[in-house]
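Asks: Dropping the structure in here first, questions after.
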Amino acid sequence: MNRKYRKTVIAGNWKMNMLASEVKPFIEQLKAELPKTRACEVVLCTPAVMIPAMIKAGKEAKVAAGGQDVSKFEKGAYTGEISASQLADIGAKYCIVGHSERRQYHGEDDMLVNAKARALLAKGIQPIICVGESLEQREADLTMEYVAYQVKAALSGIDAAQLRKCVIAYEPIWAIGTGKTATSAQAQEVCEGIRAVIRKLYGARPARAVSILYGGSMNAKNAAELLAQPDIDGGLIGGASLKPVDFAAIVAASNQE
Ligand code: 13P
């Protein structure tokens, strides 16, 4: 982390878990567990149907609400889709785009991820843009090349002012939901590489100001070491964000200097 130049973000990704009726009790427990002072933004990205409940319950606990996906279209005949203006209208502050599970199960490609990020930015929602390599790519020594391409594609057509609203999340696919975390050195290396790609595209200042998160089996035990890395500005947390005690411990770990 480097709080002098950028914000720390601890974001949970609930994926397709929990119920709207469980949001309030979850937040009450989380609030009791959270450190009294914190130096990060806390976000929970829930299924869209729970966002209103999260906004209501999260207000007092200072937990921001986010979505997990958005349509690239503004409005119209797209049954089942949710637009950026609909998310903005109910008060969502963030939205994940390009999660590997959407890339894998819904065939999302880099251009679609870019279109979704731009749709969100146009409505004032901060995209959390996910990138990350597969195990095969890592083993073939293609990690940085592939992640650099994903970052460039996702940011295509996004100007420096809009970049300030973007959060990048590095999530190696092999570390998601597997209990296998990237070592802090591996995660730092790629996050540093992502910042270098952004520096080339936008210059030193904008690159210094972008928050880059790590995601993939981050938990209460390994968070402090990952967050101590200079280019890791927070976490995108799946499993551990479903447990108030664990999620609060990760927030507490981000309080370190
Ligand atoms: P886990 O923390 O469960 O590995 O999930 C990470 C993730 O995919 C967050 O978006």
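Asks: What single numbered condition from (1) assigned to a loop (DSSP other than H, G, I, E, B); (2) among the β-branched types (Val, Ile, Thr); (3) closer than 19 Å to GLN229 by Cα fails to hold for THR178?
Replies: For THR178, the exception is condition (3).
Asks: Just checking, how many residues over region 220-235 are part of a loop (DSSP other than H, G, I, E, B) and either among the aliphatic types (A, V, I, L, M) or within 16 Å of the ligand (Cβ to nearest atom) (or both)? I'd like the intermediate steps shown before the answer.
Replies: Here is the first cut: in region 220-235, the ones part of a loop (DSSP other than H, G, I, E, B) are 220-222, 228-233.
Those left that are additionally either among the aliphatic types (A, V, I, L, M) or within 16 Å of the ligand (Cβ to nearest atom) (or both): 220-222, 228, 232-233.
Here the count works out to 6.
Asks: Every residue in region 1-46 that is polar (S, T, N, Q) and in contact with a Cys (Cβ under 7 Å, 6 or more places away or on another chain), please. Explain how you work it out, then say what you get.
Replies: If we filter region 1-46 for residues that are polar (S, T, N, Q), which is where we start, we get 2, 8, 13, 17, 21, 29, 37, 46.
Once the filter is applied, which keeps residues that are polar (S, T, N, Q) and in contact with a Cys (Cβ under 7 Å, 6 or more places away or on another chain), region 1-46 yields THR8, ASN13.
Asks: To continue, here is another question. Of the residues that make up region 132-145, is at least one in contact (Cβ under 8 Å) with a residue 12 or more places away in the chain and among the acidic types (Asp, Glu)?
Replies: Within region 132-145, the subset in contact (Cβ under 8 Å) with a residue 12 or more places away in the chain is 132-135, 138, 143-144.
Narrowing further to those that are among the acidic types (Asp, Glu): 133.
Yes, some residue in region 132-145 is in contact (Cβ under 8 Å) with a residue 12 or more places away in the chain and among the acidic types (Asp, Glu).
Asks: Now, a different point. Please enumerate the residues belonging to region 178-219 that are touching a helix residue (DSSP H, G or I) at 6+ places or on another chain (Cβ under 7 Å), within 13 Å of the ligand (Cβ to nearest atom) and among the small types (Gly, Ala, Ser).
Replies: Of everything in region 178-219, those that are touching a helix residue (DSSP H, G or I) at 6+ places or on another chain (Cβ under 7 Å), within 13 Å of the ligand (Cβ to nearest atom) and among the small types (Gly, Ala, Ser) turn out to be ALA182, ALA187, GLY216, SER217.
Asks: Turning to a different aspect of this structure: (1) under 23 Å from ILE90 (Cβ atoms); (2) in contact with a Pro (Cβ under 6 Å, 6 or more places away or on another chain): which one isn't true of GLY124, the others all being true?
Replies: (2)
Asks: Can you name the condition, by its number, that ALA160 falls short on among (1) within 16 Å of the ligand (Cβ to nearest atom); (2) touching a helix residue (DSSP H, G or I) at 6+ places or on another chain (Cβ under 6 Å)?
Replies: So ALA160 meets the others, but not (1).
Asks: Just one of (1) touching a Gly at 6+ places or on another chain (Cβ under 9 Å); (2) not in a helix (DSSP H, G or I) trips up MET144, so point out which.
Replies: Only one criterion is unmet by MET144, namely (2).
Asks: Which of (1) buried (at least 17 other Cβ atoms within 10 Å of the Cβ); (2) touching a helix residue (DSSP H, G or I) at 6+ places or on another chain (Cβ under 9 Å); (3) not in a helix (DSSP H, G or I) does VAL9 not meet, given it meets every other one?
Replies: Unmet for VAL9, out of (1) buried (at least 17 other Cβ atoms within 10 Å of the Cβ); (2) touching a helix residue (DSSP H, G or I) at 6+ places or on another chain (Cβ under 9 Å); (3) not in a helix (DSSP H, G or I): (2).
Asks: Residue by residue through region 72-98, note down the ones that are of a type outside the set (A, V, I, L, M) and within 24 Å of ILE173 (Cβ to Cβ). So that I can check it myself, show each step before the final result.
Replies: Here is the first cut: in region 72-98, the ones of a type outside the set (A, V, I, L, M) are 72-76, 78-81, 83, 85-86, 89, 91, 93-95, 98.
LYS72, TYR94, CYS95, GLY98, listed by residue number.
Asks: Check VAL210, VAL197 and return the single one that is under 23 Å from GLN126 (Cβ atoms), in contact (Cβ under 8 Å) with a residue 12 or more places away in the chain and either surrounded by fewer than 16 Cβ atoms within 10 Å (Cβ to Cβ) or touching a Leu at 6+ places or on another chain (Cβ under 8 Å) (or both). Don't jump to the end; show me each part of the working.
Replies: Values: VAL197 fails: either surrounded by fewer than 16 Cβ atoms within 10 Å (Cβ to Cβ) or touching a Leu at 6+ places or on another chain (Cβ under 8 Å) (or both).
Matching residue, one of VAL210, VAL197: VAL210.
Asks: Can you say whether GLN137 is part of a helix (DSSP H, G or I), away from the ligand (no atom under 14 Å from the Cβ) and not hydrophobic (A, V, I, L, M, F, W, C), as far as the supplied structure shows? Can you show your working first?
Replies: Working: part of a helix (DSSP H, G or I): yes; away from the ligand (no atom under 14 Å from the Cβ): yes; not hydrophobic (A, V, I, L, M, F, W, C): yes.
In short, yes.
Asks: Where in region 48-106 are the helices (runs of 4 or more DSSP H), entirely inside, with at least 2 residues that are away from the ligand (no atom under 16 Å from the Cβ) and without any contact (Cβ under 8 Å) to a residue 40 or more places away in the chain? Walk me through how you get there before you give the answer.
Replies: Working: elements: 51-61, 84-90, 100-105.
Result: 51-61, 84-90.
Asks: Next question. Would you point out the residue of region 12-49, among those that are small (Gly, Ala, Ser) and surrounded by fewer than 21 Cβ atoms within 10 Å (Cβ to Cβ), that is modelled with the lowest pLDDT? Before you say what the answer is, go through the steps one by one.
Replies: To start, the set of residues in region 12-49 that are small (Gly, Ala, Ser) comprises 12, 20-21, 32, 39, 48.
Subsequent filtering for residues that are surrounded by fewer than 21 Cβ atoms within 10 Å (Cβ to Cβ) retains 20-21, 32, 39, 48.
Values: ALA20: 97, SER21: 97, ALA32: 96, ALA39: 89, ALA48: 97.
By that ranking, first place goes to ALA39.
For (1) within 14 Å of MET1 (Cα to Cα); (2) buried (at least 21 other Cβ atoms within 10 Å of the Cβ), each residue gets a yes or a no:
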{"site": "GLY215", "(1), (2)": "no, yes"}
{"site": "MET218", "(1), (2)": "no, yes"}
{"site": "ALA224", "(1), (2)": "yes, no"}
{"site": "GLY239", "(1), (2)": "no, no"}
{"site": "LYS243", "(1), (2)": "no, no"}
{"site": "ASP246", "(1), (2)": "no, no"}
{"site": "ILE250", "(1), (2)": "yes, yes"}
{"site": "ALA253", "(1), (2)": "yes, yes"}
{"site": "GLN256", "(1), (2)": "yes, no"}
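Asks: Determine which single condition THR183 fails, assuming it passes every other condition in (1) free of Cβ contacts under 8 Å to residues at least 40 places away in the same chain; (2) closer than 24 Å to LYS123 by Cα.
Replies: Here THR183 clears every test but (2).
The values are calculated or read from the model by the stated rules, or taken from the named source; none is laboratory data. Predicted, not measured: the structure shown is a model, and the values here were computed from it. In this analysis, Cβ positions are derived from the backbone assuming ideal geometry, glycine residues included, and neighbour counts consider all displayed protein chains.
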